[in-house]
Amino acid sequence: MAHALITGGAGFIGSHLAETLLARGDSVTVIDDLSTGSFANIEHLTGNPRFRFAIESITNEVVLDRLASECNVIYHLAAAVGVQLIIQQPVHTIETNVMGTEAVFKAALRYRAKVLVASTSEVYGKSGRVPFAEDDDITLGPTSRNRWAYAATKMVDEFLALAYHREHGLPVVIFRLFNTVGPRQTGRYGMVIPRFVRQALAGEPLTVYGDGSQSRCFCNVSDSVRAIAGLAEAPDAVGRVFNIGSTEEVTILELARRTLALASDGDDNWQQQIRFISYEDAYALGFEDMQRRVPDISRIGQTIGWSPLIPLDTTLQQVIDFVK
Ligand code: UDP
């Protein structure tokens, strides 16, 4: 029987993963310090006898050790996330993402637990070659622009995971999440879809950064957690890196338009309802955005037969219903 420990399990993605694992019969323990997660995300699971939680930081070695000793697989999702947070709190981001991950690997090694490590499409940096494949070269911006600190910390996490695997035989699987959306995601840390939905429902203009020609592929969180849960069960996945994301590409301007159409039940008076904001005003001076971000998902498709199933409009509707 699998007993899973989910670090960051009270977060947006972690709480959905907890539900998916419980539904397939796993026992699940969550550790989360509620820095960006919320107890409300897991409260409905607390009645399940196979579910437990600890409100604590992964840097508390005593607690982490005890929880690791009781599980055979760790899903390591705890991290400082979101572009806005990274820009506002660079020290916290770097320390959490590097030292927290190191603590998880040390604890996992003690008990030979398998570790599924959450990484991010941010590690592809400003590569202009789409779609992004796992073994592509990576180009980051200079250290004077702290957006790139996030990617750099996640790259260190990946290097460390693969090093633990090669040097100590620790079974690890790395997954790079591309833009992931769905109910419970908060717009507080910059994420575009919950922000757009809240703005649309409040009758406020949608804040499109730059000219809105930049594009993303948004994957429904239930598709993403199905991929993560599947990777955990695939012996072939160990020691490898996988993209998880949708390939349905949309510009941010088109996303704003579709959000308005769905939130306002077909009212297409959208041009007055969008406010363009320069990157300088939206973020700090010198911010660099990625123009396009599309995953190559052939590797995970070949390994576990996964592909995303839920179209963007369905996801937008779910987020609208959730926010309402
Ligand atoms: N964005 C926007 N308005 C907002 C928030 C974000 O236009 O209120 C843009 C942002 O500049 C980026 C895209 O939406 O081009 C996705 O942003 P998000 O922070 O959700 O994820 P990212 O892909 O940047 O990690």
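The values are calculated or read from the model by the stated rules, or taken from the named source; none is laboratory data. On a predicted model such as this, the values are computed, not experimentally measured, just so you know. Heads up, the Cβs are rebuilt from the backbone with ideal geometry, glycines too, and the neighbour counts pull from every protein chain shown. All accessible areas refer to the heavy atoms of the entire protein, side chains included, with ligands and DNA or RNA removed. Shrake-Rupley method; radii C 1.70, N 1.55, O 1.52, S 1.80 Å.
Per-peptide packing, taken as the mean over residues of other Cβ atoms within 10 Å, places 63-73, 2-12, 174-184, 37-47 in the sequence 2-12, 174-184, 63-73, 37-47 from highest down. When only alpha carbons are used to place a centre, the range 67-86 and the range 160-234 end up 14 Å from one another. Rounded to the nearest 500, the helix-only mean residue ellipticity at 222 nm of the chain stands at -11000 deg cm²/dmol, with each DSSP H run of n ≥ 4 adding -39,500 (n - 2.57). Among the protein heavy atoms of the chain, carbon and sulfur supply 51% of the accessible surface, probe 1.4 Å, non-protein parts ignored. What percent antiparallel are the DSSP beta bridges of the chain, to the nearest 5? Restricted to the chain, the bridges split so that about 10 percent are antiparallel. Specify the angular offset, from 0 to 90 degrees and rounded to the nearest 10, of the alpha carbon long axis of helix 312-323 from the longest principal axis of the alpha carbons in the chain. Roughly 90 degrees, rounded to the nearest 10.
Lysine pair count for the chain (Cα-Cα distance under 29 Å; residues 8 or more apart in sequence or on different chains): 4.
Quick check: from the Cα gyration tensor, does the chain come out rounded (a/c under 1.5), prolate or oblate? Judged from the Cα gyration tensor, the chain comes out prolate (a/c at least 1.5, a/b above b/c). With an a/c value of 1.5 or above and a/b not larger than b/c for the gyration tensor axes a ≥ b ≥ c computed over the alpha-carbon atoms, the range 84-156 is described as oblate.
Evaluating 6.51 cos²θ - 1.76 cosθ + 1.60 at θ = phi - 60° for every residue in the range 186-197, the Karplus couplings come out as 9, x, 4, 9, x, 4, 6, 5, x, 5, 4, 5 Hz, glycine and proline recorded as x. A simple rule links phi to the HN-Hα coupling: the Karplus curve 6.51 cos²θ - 1.76 cosθ + 1.60 with θ = phi - 60°, which for the range 70-77 gives 9, 10, 10, 9, 10, 9, 9, 10 Hz, with x for Gly and Pro.
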